[in-house]
Amino acid sequence: MSQKRAEDIIRMRHSCRSYRDIPLLENDRTGLEEFIKQRITGPFGSFAEFILIAAVPSDSDVLKGLGTYGFIRNPAAFIVGILKDELQNLEDFGYSMERIILHATEMGLGSCWLGGSFKRSSFAEKAGIKGEEVIPAVASIGYTADRKTLTDRLIRSFAGSDNRKSRNELFFCDNKGRLDAYPENVYKKALDMVRLAPSASNKQPWRIVKEDGKNIFHFFLERTPGYNRNVKPSGRADLQRVDMGIAMCHFECAAIELGLKGLWNREITAGIKCPETWEYSITWNGE
């Protein structure tokens, strides 16, 4: 993050579905494009290609089959992410896309994550995807409308966007083989920023376990039944893995701002006694 505090930017970010019917100003467009051109490497070491494309009327047809995403009004542009099917690429995709969205938020732009099937869409044609390349998600971008529509309010209420799981449902401490409530420590703010991360249908699938007496945090995915695990040419991406990457982005941005140094890696977590339904993702090793 740059001029504004990471915490302030994360708190500013929200899913914007209604925009002012104007294109991006030239300086905003070029500024966002310059940031997108950076090669953002995710915690697992892979990266995706991102492009900014201007919105056209036919884009609404692409979004109609994506549930509440079809109610996006007057976006100025879309951020499109392209990747190949590689190990842990979806987590890195979520991490990198959220970095871009937070930058757009800092610029004063509204945005909304749109996850779905874009393999054979106009987005794919504009992006020129090839072979096994896929588009797990796009993000609408523009200037937030002065007033929220009734549809906006209904969708936000239906999605439970303002309802967040409690800290005790998401964060834990491993205390000699059992999970206890997460204790207060210097990483509290970083975890609070994870609570504010967007996720598909607001399911908040991340679970984080701190090792007792150490600033080591293990990230797990607790899946919501019914979500597809795989990226398929004609199907949806595993959006909950994308959600994990978004959570990693928020955690790291906040930790860096707090001066808390650490590295991402994958470690054996056999000693962590967590529910069998949790899938291990990655570990933050804090100094």
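Worth pointing out:
- Residue count for the stretch 1-43 under the criterion of being open to solvent by 50 Å² or more (accessible area, probe 1.4 Å), under 16 Å from the mean Cα position of the chain (by Cα) and closer than 23 Å to W264 by Cβ: the result is 2.
- Scan of the stretch 101-139 for residues that are over 14 Å from A237 (Cβ atoms), in a loop (DSSP other than H, G, I, E, B) and of a type in the set (A, V, I, L, M, F, W, C), ordered by number: M107, L109
- Taking (1) open to solvent by 40 Å² or more (accessible area, probe 1.4 Å); (2) under 19 Å from the mean Cα position of the chain (by Cα); (3) over 24 Å from P43 (Cβ atoms) in turn, S140 satisfies each apart from (1).
- Residue selected from the stretch 56-74 under the condition open to solvent by 30 Å² or more (accessible area, probe 1.4 Å) and part of a loop (DSSP other than H, G, I, E, B), by the criterion modelled with the lowest pLDDT: G65
- Cβ pairs under 6 Å, 6+ apart, first in the stretch 190-208 and on the phi > 0 side of the Ramachandran plot, second assigned to a helix (DSSP H, G or I) and surrounded by fewer than 23 Cβ atoms within 10 Å (Cβ to Cβ): N202/A159
The values are calculated or read from the model by the stated rules, or taken from the named source; none is laboratory data. Everything numeric in this text was worked out from a predicted model, so none of it was measured. Note that each Cβ is placed from the backbone with ideal geometry, even for glycine, and that neighbours are counted across all protein chains shown. Note: areas computed on protein heavy atoms with side chains; ligands, DNA, RNA excluded. Shrake-Rupley method; radii C 1.70, N 1.55, O 1.52, S 1.80 Å.
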